[in-house]
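Below you'll find the structure, written out as structure tokens, and then a few comments.
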Amino acid sequence: IMLRQGGHILIVDDDSWTRYALARLFRYRGLPTVVAATLGEGLARLKDEPCCVVLDLNLPDGCGEAILRTVREQGLSCRVVVYTVVTDQARLESVAQLGPDAVFLKPVEAEVLAEACCG
């Protein structure tokens with residue numbers, strides 16, 4: 001699995017265990033990783049131009065969809081992989097309209113996420 005030169009994965013998830021586990025698994029595979037626990041932190045870290053964002057939808061200060069929307073509206077070249085416990089079909093359909101590169105319901109194997117990030 002390769003990222004573009006200087007690239008990294010941004011994990012945006014409010015659950016500390018999920019952030020820790022994913023970061024550890026990605027780093028073990030040689031993928032530089034940055035984490036954010038809130039919508040605000042995630043939006044701020046987009047400025048560092050990640051190659052991929054692993055995005056939870058339920059964040060304490062807003063909906064993760066705002067990060068996906070920002071990536072698409074600003075024309076950023078990063079992939080966005082939604083990784084969530086949300087099962088509400090209407091919400092998932094509205095997320096799909098924003099054009100994520102992949103959507104996974106938790107839990108999913110780390111290798112599957114890594115492949116989706118580096119596509």
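Here segment 56-82 is the region considered, the condition is being in a loop (DSSP other than H, G, I, E, B) and of a type in the set (Gly, Ala, Ser), and the residue that is least open to solvent (accessible area, probe 1.4 Å) is GLY64.
Close contacts from segment 39-65, counting a first residue that is on the phi > 0 side of the Ramachandran plot and a second that is at pLDDT 95 or above and open to solvent by less than 30 Å² (accessible area, probe 1.4 Å), with Cβ to Cβ under 6 Å and a gap of 6+ residues or different chains, come to GLY62/LEU39.
Could you grab me the full set of residues in segment 37-55 that are part of a loop (DSSP other than H, G, I, E, B) and either among the acidic types (Asp, Glu) or in contact with a helix residue (DSSP H, G or I) (Cβ under 8 Å, 6 or more places away or on another chain) (or both)? Lay out the reasoning, then the answer.
Residues of segment 37-55 that are part of a loop (DSSP other than H, G, I, E, B), as a first pass: 37-38, 49-51.
Scanning segment 37-55 gives ALA37, GLU49, CYS51.
The number of residues in segment 66-117 being without any contact (Cβ under 8 Å) to a residue 12 or more places away in the chain and among the β-branched types (Val, Ile, Thr) comes to 1.
Step by step: first the residues of segment 83-119, then only those that are β-branched (Val, Ile, Thr) and part of a loop (DSSP other than H, G, I, E, B), then the one that is surrounded by the most Cβ atoms within 10 Å (Cβ to Cβ). Which residue is that? So that I can check it myself, show each step before the final result.
First, the residues of segment 83-119 that are β-branched (Val, Ile, Thr): 84-87, 95, 103, 108, 112.
Then keep just the ones that are part of a loop (DSSP other than H, G, I, E, B); that gives 85-87, 108.
Details: VAL85: 11, VAL86: 18, THR87: 8, VAL108: 13.
By that ranking, first place goes to VAL86.
Based on what the data block shows, is VAL80 at pLDDT 95 or above and more than 21 Å from ALA96 (Cα to Cα)? No.
The values are calculated or read from the model by the stated rules, or taken from the named source; none is laboratory data. Owing to the predicted nature of the structure, the values given are computational and were not obtained by experimental measurement. Please note: Cβ atoms are built from the backbone with ideal geometry, for glycine as well, and neighbour counts cover all protein chains shown. Surface accessibility is based on the protein's heavy atoms, side chains included, excluding ligands, DNA and RNA. Shrake-Rupley method; radii C 1.70, N 1.55, O 1.52, S 1.80 Å.
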